[in-house]
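See below for the structure under consideration.
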Amino acid sequence: MLEVRDLACWRGDQCLFDGLDVRLGAGEVLWIEGANGSGKTSLMRILCGLSPPERGEIRWKGRTLREGRDTLLHDLMYLGHLNALKDDLTVAENLDFHASILELPRDGRLVGEAIEAVGLTSRQDLPVRVLSQGQRRRAALARLWLATDRPLWILDEPFAALDTASVDSLSDLVASHVERGHVVVLSTHQEVPLPVSRTRRLRLDALSR
Amino acid sequence: MQWGSVGEFFSMGGYAEYVWGAFGVTLVLMVGEVVVLGRRHAAALRDARRLARAGGPR
Amino acid sequence: MNWFKFSSPQTFYPLAGRLIPVFWVLAVVLAVAGLYIGFFVAPTDFQQGDAYRIIFIHVPAAWMSMFIYLVMAGWAALGLVLNTRLSSMMASALAPTGALMTFIALWTGSFWGRPTWGTWWVWDARLTSELILLFLYIGFMALHASIDEPRRADKAAAILAIVGVVNVPIIYFSVKWWNTLHQGASVSLTRAPSMATTMLLGMLVMAIAFWMYSIAAALSRVRSIILERERNSAWIGQLQESR
Amino acid sequence: MNPLLAVFRRDLLQAWRRRADWLTTFFFFVIVVSLFPLGVGPEPAMLRTIAPGILWVAALLAAMLSLPRVFESDFADGALEQLLLSPEPLPLLVLSKTTAHWLLSGVPLALMAPVLGLQFGLDVEAVRVLFWSLLLGTPCLSLIGVVGAALTLGVRGGGVLIALLVLPLYIPVLIFGAGAVETVATGTGAAGHLSLLGACLCIALPLAPWGASAALRVALE
């Protein structure tokens, strides 16, 4: 499904990683580890096609990002380091907005269930501005419950600022998503319960030059 | 050949300050650019050399 | 002969090094010839006396300022589309020389206007467009300078240059429209004195001299840019020759 | 609701919740215009001749003031990344954001200008043409401005830099817009100028979104 061949990434004059080769089949999780600044976020942005790699090639479903950009955009669900939430809008409005621009299912019941799943039902009509850091991250994660049909998830530190209950519910979601034959690429510092049989770990700092 | 004498040439038919003002500034600007270019190239060369000696590219 | 070989900064650097002296010599020789024609061969104009001789640098500089902007936008577009670093470097190497040519055109234009029409600045369609062209150059260089990461700076400035080059004819047309609306074009530099063949010849020779000068200046600046940007690549280390 | 409408509605909702920000550009326009009689003197004949130029330059500056806001907050909180990853083509998303910006900056200026025009002694016919010229000209200002906003995204000194990039490109719109109002005074019809403004709009409509999207992709690399 997702192939990465001899990928290299530089930031200014410094090489973040080089010679990265990964092949992810259906139903696999790629767990990216590495110290801060080792290029985890850069790698994820390259996989999304947001930034160009210094060298190397990425193929999704056999086609390069350049040819198969449309299919990638329809298949991808990217959760960045930033929450992409507007402070002045409520949790529900933000989620509804994301559902529209990413063309996710939008009927009220599903949106309600997503907010329910991240435990923000009581706060769904509050502006995001008043929420705590952990609640904001959960509000951002609510999109994932709407994107269960998306075959490729790229999650940048999804577990950051989450309490244990949320960590468990998210890792269950990731596990069930992968069992349905989809692909998940995520980065995290914490030891998180992921399905061992399907998880491959990748240390980025081992590849820097 | 229009100019009877060198003095007549420099007076430029009474328009000396305009003609020489225009030509002079143009000359100064162009020579100035050439000097700036030369100095910039020398500095770039010196930095590149110093970096190369200091341990070469990482 | 594979021209693409020269598209990499490493192979282009020594080539440019050999070409620059050739263009400098050509520029000087042609300038001397042009000035000789301009001052000694061309007759005094019955209307404007000898003040019109400023035309021998004003018009070439104006032509070059426009021509360099087009070439710069061309290199910038090439760099943006093909993602070749050297073309973007060429574009940012041309910008300062283009801006200099525009300033020279403005300066000599006003020095010519003063004795001929009594005012330092004439809101003539061509001079006003020249002024706006200077703003476009300054915008290009300012945007390029304010972005730290060279590659992003090149691409952003390239987009500005492309949008600019589409706007240049529109700006020129609108200024001409505005000029005829307000002054009925009584005062205009476009009606240069009747062009005796020697005057035209002098101007053409000077134009080519300015062209050679611009190429030499741009090539020399692009070499500096290559050195500054490729500081870390290995080939810089073996640069033995002093130039 | 399709993505374009969603972006448009969200920008308006966001602006509604932060009304103060958008009113500042409106008041900037009114204040700048009222400065000129104080500077130039109150003689009606003088004010009437310079009114079109002043109203248009002030409108142009006011429109430019609100440009950084178009992308700045989305860039800061990561929403812009999601826009780039939307299946909807980016130029269309940029177009809907530009329409929202025009509605919030251009239209209020066009509505307010006639009142100020009367204050400057313009007759009803001139004020009518002023309104139409602004209504037709401000979309061009927003379109060209959005390219400048995308180019200077996240760049230090972005606010001032945007003026340097965008003002030279505003000149044709200024000439045709202010010229349209002046032709009323000289009796010749304003149709010529207004059609040229329309032509500028037709050129800016396809080119600007392309330019802005390319600039956004570069900014988020």
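Where helices (runs of 4 or more DSSP H) fall entirely within segment D:85-163, those with at least 2 residues that are under 20 Å from residue D:36 (Cβ atoms) are at D:107-119, D:124-151. For the criterion of being buried (at least 19 other Cβ atoms within 10 Å of the Cβ) and at negative phi, residue D:70 passes.
Taken over segment A:93-134, the criterion of being assigned to a loop (DSSP other than H, G, I, E, B) and not charged (D, E, K, R) is satisfied by A:102, A:104, A:105, A:118, A:119, A:120, A:124, A:126, A:131, A:132. Does segment D:50-68 contain any residue that is of a type in the set (Phe, Trp, Tyr), within 14 Å of another protein chain (Cβ to nearest Cβ) and under 23 Å from residue A:129 (Cα atoms)? Within segment D:50-68, not a single residue is of a type in the set (Phe, Trp, Tyr), within 14 Å of another protein chain (Cβ to nearest Cβ) and under 23 Å from residue A:129 (Cα atoms).
Mind listing just one residue for me: the one in segment C:86-105 that is within 11 Å of chain B (Cβ to nearest Cβ) and open to solvent by less than 20 Å² (accessible area, probe 1.4 Å) and, of those, farthest from residue C:130 (Cα to Cα)? Across segment C:86-105, the extreme among qualifying residues is C:93. Note on segment B:15-44: among residues that are of a type outside the set (A, V, I, L, M, F, W, C), within 7 Å of another protein chain (Cβ to nearest Cβ) and open to solvent by 30 Å² or more (accessible area, probe 1.4 Å), the one that is nearest to residue C:105 (Cα to Cα) is B:18.
For (1) among the hydroxyl-bearing types (Ser, Thr, Tyr); (2) within 11 Å of chain C (Cβ to nearest Cβ); (3) closer than 19 Å to residue C:164 by Cα, each residue gets a yes or a no:
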{"position": "D:144", "(1), (2), (3)": "no, yes, yes"}
{"position": "D:154", "(1), (2), (3)": "no, yes, no"}
{"position": "D:171", "(1), (2), (3)": "no, yes, yes"}
{"position": "D:182", "(1), (2), (3)": "no, yes, no"}
{"position": "D:190", "(1), (2), (3)": "no, no, no"}
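Checked against (1) of a type outside the set (Val, Ile, Thr); (2) at the interface with chain A (Cβ under 9 Å from one of its Cβ atoms); (3) within 22 Å of residue D:144 (Cα to Cα); (4) outside any helix (DSSP H, G or I), residue D:1 passes all but a single condition, namely (3).
For segment D:161-210, a residue qualifies if it is of a type in the set (A, V, I, L, M), open to solvent by 50 Å² or more (accessible area, probe 1.4 Å), within 17 Å of the chain's Cα centre (by Cα) and more than 22 Å from residue C:135 (Cβ to Cβ), and exactly one does: D:205. Every condition in (1) within 14 Å of residue C:206 (Cβ to Cβ); (2) open to solvent by less than 40 Å² (accessible area, probe 1.4 Å); (3) in contact (Cβ under 8 Å) with a residue 60 or more places away in the chain; (4) β-branched (Val, Ile, Thr) holds for residue C:41 except the one numbered (2). The set of residues in segment C:132-159 being facing chain D (nearest Cβ under 7 Å), part of a helix (DSSP H, G or I) and open to solvent by less than 40 Å² (accessible area, probe 1.4 Å) consists of C:132, C:136, C:139, C:142, C:143, C:146, C:152, C:155, C:156, C:159. Answer with yes or no whether residue C:121 is over 30 Å from residue C:12 (Cα atoms) and away from chain B (no Cβ under 13 Å). So residue C:121 passes the test. Entry remark, segment D:18-39: residues being at pLDDT below 90 and part of a helix (DSSP H, G or I) number 8 in total.
In the set (1) in contact with a helix residue (DSSP H, G or I) (Cβ under 6 Å, 6 or more places away or on another chain); (2) free of Cβ contacts under 8 Å to residues at least 24 places away in the same chain, the condition left unmet by residue A:146 is number (2). Of all the residues in segment B:3-14, those that are in contact with a helix residue (DSSP H, G or I) (Cβ under 7 Å, 6 or more places away or on another chain) and surrounded by 13 or more Cβ atoms within 10 Å (Cβ to Cβ) number 2.
Restricted to segment A:1-81, the set of strands (runs of 3 or more DSSP E) holding at least 1 residues that are more than 14 Å from chain D (Cβ to nearest Cβ) comprises A:2-11, A:14-24, A:29-33, A:55-60.
The values are calculated or read from the model by the stated rules, or taken from the named source; none is laboratory data. None of these values were measured; they are calculated from a predicted model. FYI the Cβ positions are ideal-geometry reconstructions off the backbone, even for glycines, and counts take in every protein chain you see. All accessible areas refer to the heavy atoms of the entire protein, side chains included, with ligands and DNA or RNA removed. Shrake-Rupley method; radii C 1.70, N 1.55, O 1.52, S 1.80 Å.
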